[in-house]
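A short write-up of the structure that comes next.
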Amino acid sequence: MTKTSLITRSRDLKRLFLIMSALTLSFLANAQTQPSPAQSPTPTPTPPAQEVPVIDGGVGPCSVEFTVTDANAKPQYAATVKVRIAYGFAGVRKLNLEAGTNVNGKVKFKGLPIRVHNPPLEFTAVKGELTGGASYNPATECEAKHDIVLEKPKAVGD
């Protein structure tokens, strides 16, 4: 290469460097003028709704959802709800289901049979020393919602 071509090439590289620098600076200036997502005011997000735990009996189309609360109407987390289902001819088939409540005190039982032996079904909820119950007849209310209030059991003789 000749000295003239080296000088020309050097000038071209300097111009390229200046153009790239100017583009970089303009990009950075533009990025600083636009608010970043962290700087823009955002509303406080609400926690996502807790999914309702569902237990599937797998023997029918009916379902019942319970809300388990204490005597002050406060939802009870991790309360255990149980039921024993006798179904089929003469109630020879038996199904025991048990599920725990979510933070909103909710639990759902689905896949329950329409016809049960000796209706209604008796659901029992327990948390620590607190107990409660609810009756549910799938033949009269296939899709239902009920409340269970947990209370201390009454002492014998009261």
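Read-outs: derived from the displayed coordinates by stated rules, not from any lab. Keep in mind the model is a prediction, meaning the values are calculated, not measured. Positions of Cβ are generated from backbone atoms using ideal geometry, with glycine treated the same way; all protein chains shown enter the neighbour counts.
Annotation: for a label point projected 7 angstrom from Cα along Cα→Cβ of Asp56, residues of segment 88-111 with backbone N closer than 19 Å are 95-100, 107-111.
By the count of neighbouring beta-carbon atoms within 10 Å, fewest first, Lys152, Lys108, Lys82 end up ordered Lys152, Lys82, Lys108. Taken along the Cα-to-beta-carbon direction at a fixed 7 Å, the label points for Ala86 and Arg115 span 1.6 nm.
Annotated for segment 58-158: lysine pairs at least 8 residues apart or interchain, Cα distance under 23 Å, count 27.
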